[in-house]
1. Any residue that is part of a loop (DSSP other than H, G, I, E, B), at pLDDT 80 or above and of a type in the set (K, R) - is there at least one of those in segment 12-31?
2. Considering only helices (runs of 4 or more DSSP H) fully contained in segment 232-294, which possess at least 3 residues that are surrounded by fewer than 18 Cβ atoms within 10 Å (Cβ to Cβ) and out of contact with any Lys or Arg (no Cβ under 7 Å at 6 or more places or on another chain)?
3. In segment 201-221, which residues are closer than 21 Å to P240 by Cα and surrounded by fewer than 18 Cβ atoms within 10 Å (Cβ to Cβ)?
4. Scan segment 83-122 residue by residue and report those that are of a type in the set (G, A, S) and closer than 15 Å to L54 by Cβ.
5. Of (1) surrounded by 18 or more Cβ atoms within 10 Å (Cβ to Cβ); (2) over 27 Å from R307 (Cβ atoms); (3) not polar (S, T, N, Q), E38 satisfies all except one. Which?
6. Taking only segment 90-143 into account, find how many residues are in a helix (DSSP H, G or I) and in contact with a strand residue (DSSP E or B) (Cβ under 7 Å, 6 or more places away or on another chain).
7. Condition test on D311, is it loosely packed, with under 13 Cβ neighbours inside 10 Å and part of a helix (DSSP H, G or I)?
8. Would you please name the residue that is farthest from V137 (Cα to Cα), looking only at residues in segment 94-119 that are exposed (fewer than 14 other Cβ atoms within 10 Å of the Cβ) and of a type in the set (D, E, K, R)?
Amino acid sequence: MSTPQLQVLRQIIETVNSTLELSTVFEEILKLVSQVTEADACLLYLLDDAAQTLTLHACRPSHPENVGRITLQVGEGLTGFVAKERRPMAIDRRAFDDPRFKMFQQLPEDRYEAFLSVPVSTRGRLIGVINVQHRRVHHYDTEVVALAETIGQLVGGAIANARLYEAARQRRRELDTLAQVSEAVVSERYLDEILQLTVTMTAQLMGSKICSLMLLDEAKQTLVIRATQALSPAYRNKPPIRVGQSISGRAVKERRPISVLDVAKDRGYMFPEIARREGLRSLLSVPMVMQDRVIGVLNCYTAEPHRFSNDEIRVLYTIANQAAVAIEHTRVLDQALALQKSLDDRKLIEKAKGILIEELRCSEEEAFRLLQKQSMAKRRSMREIAEAILLADELKAPHEKTNI
């Protein structure tokens, strides 16, 4: 291995060890690889293990409009072939004529002559693929291929470490958010405030562009937005949806989380125009369940295509159930207060009836009908009429009460 190549390896090792911020690592490594191979382009694809897809994650020269948007299956195209076989591929000329080649209209590099691709891996596990490309015919000797393979392993280790670090940070954020939601649920805040805090904290945790909480109207069997951190009037004023309709309605009907990669393209989503206007892509809808009864749904939208992991679904499920507890707690409290008010009203009405019976020498039924008649005539509640009778009785002079 030549001295310049050894220097590049040393610089890459220093870069990998200097930070856990992957964007910085990717940018610097692609720059170094381009320099040592004199490449016209260098691209990094990362593997989604669950979906078995490769997505363009970084490139030099930069194509920000394509990063995160160009995706291919493992085994698809030259890049997918390298990922599947887990071994390097070098083509000196007319790479675009190879029968395994796949054209992406957005990438000018697809028309380049020479192509070198190596797997990015660590401890036998595939992480992604690095591609090195030249506009003109270019021979990749064994030293360059070996160097690229070594770089692939170094990058793989860096990505694995960074992911472990990010997973630990995310777990800490999840625990903090769950603690804050739990604290809000048991606090004396009003329900609307609790739900607003819930969607705001959930959006921050999940990196969501929009997070909304919809409650079920059991009588109408419709879902209505009760809380969201979205500022968009178009989204906030969305009409109610019926149970079974759109993604949220299906999540409630089927009582399970449902995710969609692109709501603007999904035929089951009812508001594609709003999604396109607001820049919404992926959606995760999780039903809110309390004592085996679905009472609503929690929605998280992303601005970029995103496949929600099992961990993300689990966290959102936990938050949704915490919110369900707050809603149920408020419902039970409201019922208790309504029952107490009903008992208080009844006591006042009974006292008012007693006064009318004593003053008018009428039956209990006649006294009740008189209260009803006054309530309708004055357009006041029975309680208000009863309170007026009790007040009038209190204001009477002592001798008036005695003479009754």
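The values are calculated or read from the model by the stated rules, or taken from the named source; none is laboratory data. Quick caveat, the model's predicted, so the values are computed rather than measured. Because the Cβ atoms are built from the backbone with ideal geometry, glycine has one as well, and the counts that use them run over all protein chains shown.
1. Pass one, segment 12-31, residues part of a loop (DSSP other than H, G, I, E, B): 19-21.
Subsequent filtering for residues that are at pLDDT 80 or above retains none.
Checked against the condition, which is being part of a loop (DSSP other than H, G, I, E, B), at pLDDT 80 or above and of a type in the set (K, R), segment 12-31 yields no hits at all.
2. Values: elements: 233-236, 246-254, 272-278.
Where helices (runs of 4 or more DSSP H) fall fully within segment 232-294 and carry at least 3 residues being surrounded by fewer than 18 Cβ atoms within 10 Å (Cβ to Cβ) and out of contact with any Lys or Arg (no Cβ under 7 Å at 6 or more places or on another chain), they are 272-278.
3. In the first step, residues of segment 201-221 are kept if they are closer than 21 Å to P240 by Cα; the result is 209-221.
Passing the criteria: D217, E218, A219, K220, Q221.
4. Of all residues in segment 83-122, those of a type in the set (G, A, S) come to 83, 90, 95, 114, 117, 121.
Selection gives A83, S117, S121.
5. (1)
6. First pass over segment 90-143, keeping only residues in a helix (DSSP H, G or I): 95-97, 108-111, 142-143.
Going one step further and asking which of them are in contact with a strand residue (DSSP E or B) (Cβ under 7 Å, 6 or more places away or on another chain), we end up with 95, 109.
So the count comes out to 2.
7. On the way: loosely packed, with under 13 Cβ neighbours inside 10 Å: yes; part of a helix (DSSP H, G or I): yes.
Here the answer is yes, as D311 does meet what is asked.
8. My answer is D97.
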